[in-house]
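Working notes for the structure below.
The values are calculated or read from the model by the stated rules, or taken from the named source; none is laboratory data. Note that the coordinates shown come from a computational prediction; the quantities given were computed from them, not determined experimentally. FYI the Cβ positions are ideal-geometry reconstructions off the backbone, even for glycines, and counts take in every protein chain you see. For accessibility, only protein heavy atoms count, side chains too; no ligands or nucleic acids. Shrake-Rupley method; radii C 1.70, N 1.55, O 1.52, S 1.80 Å.
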Amino acid sequence: MVKTMTAANEIPTFGFNDEVDMNALVSIRAQLKEQMAARGIKLSYMPFFLKAASMALLDYPVLNSSPNADCTTLTYKVQHNIGVAMDTPNGLLVPNIKSVQDKSVVEIASDLHRLMALGAAGKLGLDDLTGGTFSLSNIGVIGGTYARPILLPPEVLIGALGKLQVVPRFSEDDAVVKAHILNISWSADHRVIDGATVARFSNLWKQYLEEPSTLLANLR
């Protein structure tokens, strides 16, 4: 981790923050949670975040690439091996779920449960910890809203999820309503990724979460 963070410190990064209205997804998870529990699967929001990210990466594949040492070439990765930062007895580790682009939300949830169990037991293997192409950190389970996530070279984008909050918002007719809001913070390798690309990717990821029907409509 020291070597990775030292390398990351030498990379100029672009930061982008936004908030996501989670009302629709909160409702869908509530409907599915008991059904998934009966199958032995704990359904958190993270599998939805991961699947939405993978689907958005299909439109912005440059964010699933890696540069060489002097940034003269980029290698695009076909597989979406998405890392999930975990606080384990052995410190911060980032195992990844392989081929998220080919998996359902339920399959992603099952893989995530396996990795979390291995992490808690200190038994994550080399295959679990290598080959990542993109990462998310759910720092919000501990606390905080916005963060400044550190890149995991050679990955070019990482997101940090804040805690889910219930806050007042104005509806279209100016009524005060209850809203479930999640903050997202992105850090990108600004040597190869421009800010506009990150913003457009984030907007698409956000759309999939705020309008889950679009997530279903665009499954490939």
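For this structure, a couple of remarks:
One line per residue, one yes/no per condition, for (1) among the hydrophobic types (A, V, I, L, M, F, W, C); (2) touching a residue at least 24 places away in the same chain (Cβ under 8 Å); (3) closer than 15 Å to LEU57 by Cα; (4) surrounded by fewer than 19 Cβ atoms within 10 Å (Cβ to Cβ):
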| residue | (1), (2), (3), (4) |
| --- | --- |
| ILE158 | yes, yes, yes, no |
| GLY162 | no, no, no, no |
| HIS180 | no, yes, no, yes |
| ILE184 | yes, yes, no, no |
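- Residues that are crowded, with 16+ Cβ neighbours inside 10 Å and β-branched (Val, Ile, Thr) number at least 2 in the following strands (runs of 3 or more DSSP E) confined to segment 74-121: 82-88.
- Of the residues making up segment 126-141, those that are at pLDDT 95 or above, out of contact with any Pro (no Cβ under 7 Å at 6 or more places or on another chain) and open to solvent by less than 30 Å² (accessible area, probe 1.4 Å) are GLY132, THR133, PHE134, SER135, LEU136.
- Of all the residues in segment 186-220, those that are among the hydrophobic types (A, V, I, L, M, F, W, C), modelled with pLDDT of 95 or more and open to solvent by 50 Å² or more (accessible area, probe 1.4 Å) number 0.
- Answer from ARG39, ARG29 - the residue that is basic (Lys, Arg) and open to solvent by less than 70 Å² (accessible area, probe 1.4 Å): ARG29
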